[in-house]
Amino acid sequence: MVEVLVTGGAGFIGSNFVHSALARHPDWRVTTLDKLTYCGRRENLHDVMDHPRHTFVHGDIGDGSVSGPLVERAEVVVHFAAETHVDRSILAAGEFIRTDVEGTFVLLEAARRAPRLRRFVQISTDEVYGSVPEGASRETDELKPRNPYAASKAGADRLAYSYWATHKVPVIITRASNNYGPYQFPEKVIPLFVTNAIDGRPVPLYGDGRNVRDWLHVEDHCAALDLLIEKGVNGEVYNIGGGNEVMNVDLTHRILACLGKPASLIEPVPDRPGHDRRYCLDTAKLRALGWMPRVPFERGLRDTVEWYRRNEWWWRPIKEQDAAFKSYYQAQYGR
Ligand code: NAD
Ligand code: TYD
């Protein structure tokens, strides 16, 4: 059996990855290590908690006494665990430095001692390139992160690389564009707008709404990671982009149209400070290995909206009963 450690496996992408890993790889034994922060949820893994090839460990990647032994016995580490929300990093950046940078450092130190490790996948992000007014970011481009989340991810990205260059830890680094799909915490734009609109509440569109994101369905992301675990070259960086560049205002209209809700729900609100205008990835390097995105954006968005419509059990308690979420919402949008 192949021992696979997934950090942050109770989050959005991590939980989708755990599900797809167990389904696609009968020879993998998967351990999820997750701190269960506000956005890490047991519910995301409810149907695999008792799976014979899955073990869930509740713990902090930054606590070497917990994460160290798990890394040391792994053959593959897929490191998703992070603080991930740009707006929260603007309100308070400390946890981003502690988890995204220092937590990654703790894992990498353990990886130096891991006798059977053959892959350490550092999940980075397209945000490390900063705003891209035109063209598409290539893996060799300069990193110009512009918000504390992106900067902490850039720190971890380069730290992971340094452990390859210096200590030959078998690191590959992936930089994905904005993901969408089921189990995304309802603070990110798609689940926030979908769930607000279901309730007939305003959807707060930042600035002029003309910022562009390149949307990647989480299933396509998981397929790319699978391929890279198998065929990636250690020490290399791979962009993973969906090829779906959409302006926020267009995205918002599409969401409202899926739900049959009026455009009058759009509420222009003050812009995010330092709001990156556009991200766009050149994915030629990954495509050369045989990957391409399979989920067309129209269908992926429709299915995602439908998932939130059918799974109110999952998001309603967060939005209506979770005091921490309510106080975040008030701090962010209460102005
Ligand atoms: P998420 O916020 O939904 O999940 C993060 C998970 O990490 C949660 O389960 C949380 O409990 C866990 N976690 C946080 N701190 C931890 C700690 N100290 N120890 C152990 N677990 C901890 O995030 P996501 O959207 O699933 O993103 C996963 C990864 O992918 C992140 O590294 C993120 O930077 C990267 N990424 C995300 C996107 C996107 O669009 N969502 C795009 C590119 C890259
Ligand atoms: P988000 O989902 O936070 O992802 P990221 O900032 O990592 O790209 O935001 C996606 C886009 O949507 C981004 O341009 C900011 C915008 N946005 C809004 O207009 N309103 C909102 O309430 C949120 C959360 C995001």
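The values are calculated or read from the model by the stated rules, or taken from the named source; none is laboratory data. Only a predicted model underlies this, so the values are computations on that prediction, with no experimental measurement involved. Heads up, the Cβs are rebuilt from the backbone with ideal geometry, glycines too, and the neighbour counts pull from every protein chain shown.
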Among the basic types (Lys, Arg), within 12 Å of ligand 1 (Cβ to nearest atom) and either at pLDDT 95 or above or out of contact with any Leu (no Cβ under 6 Å at 6 or more places or on another chain) (or both) - does that describe any residue in segment 132-143? no
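To keep it simple, each residue is scored yes or no on (1) over 22 Å from residue 135 (Cα atoms); (2) assigned to a loop (DSSP other than H, G, I, E, B); (3) among the basic types (Lys, Arg).
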{"site": "255", "(1), (2), (3)": "yes, no, no"}
{"site": "268", "(1), (2), (3)": "yes, no, no"}
{"site": "273", "(1), (2), (3)": "yes, yes, no"}
{"site": "291", "(1), (2), (3)": "no, yes, no"}
{"site": "303", "(1), (2), (3)": "yes, no, no"}
{"site": "306", "(1), (2), (3)": "yes, no, no"}
{"site": "316", "(1), (2), (3)": "yes, no, yes"}
Would you point out the residue of segment 225-253, among those that are more than 16 Å from residue 296 (Cα to Cα) and part of a strand (DSSP E or B), that is farthest from the chain's Cα centre (by Cα)? 247
Cross-chain or 6+ apart pairs with Cβ under 7 Å, segment 83-100 first and closer than 13 Å to residue 61 by Cβ, then surrounded by 17 or more Cβ atoms within 10 Å (Cβ to Cβ) and basic (Lys, Arg): 100/153
Evaluate the following for residue 180: is it hydroxyl-bearing (Ser, Thr, Tyr), at negative phi and more than 15 Å from ligand 1 (Cβ to nearest atom)? no
Out of the residues in segment 230-254 meeting the condition of being of a type in the set (A, V, I, L, M, F, W, C) and away from ligand 1 (no atom under 16 Å from the Cβ), tell me which one is nearest to residue 27 (Cα to Cα). 233
Residue check, residue 166 against (1) farther than 25 Å from residue 40 by Cα; (2) in contact (Cβ under 8 Å) with a residue 40 or more places away in the chain; (3) away from ligand 2 (no atom under 13 Å from the Cβ), all met but one. Which one? (2)
What tally of residues in segment 169-211 results from selecting those that are within 7 Å of ligand 2 (Cβ to nearest atom) and free of Cβ contacts under 8 Å to residues at least 60 places away in the same chain? 2
Does residue 175 satisfy being out of contact with any strand residue (DSSP E or B) (no Cβ under 6 Å at 6 or more places or on another chain) and either within 16 Å of ligand 1 (Cβ to nearest atom) or within 29 Å of residue 2 (Cα to Cα) (or both)? no
Scanning segment 20-39 residue by residue, the ones that are assigned to a helix (DSSP H, G or I) and farther than 23 Å from residue 69 by Cβ total 3
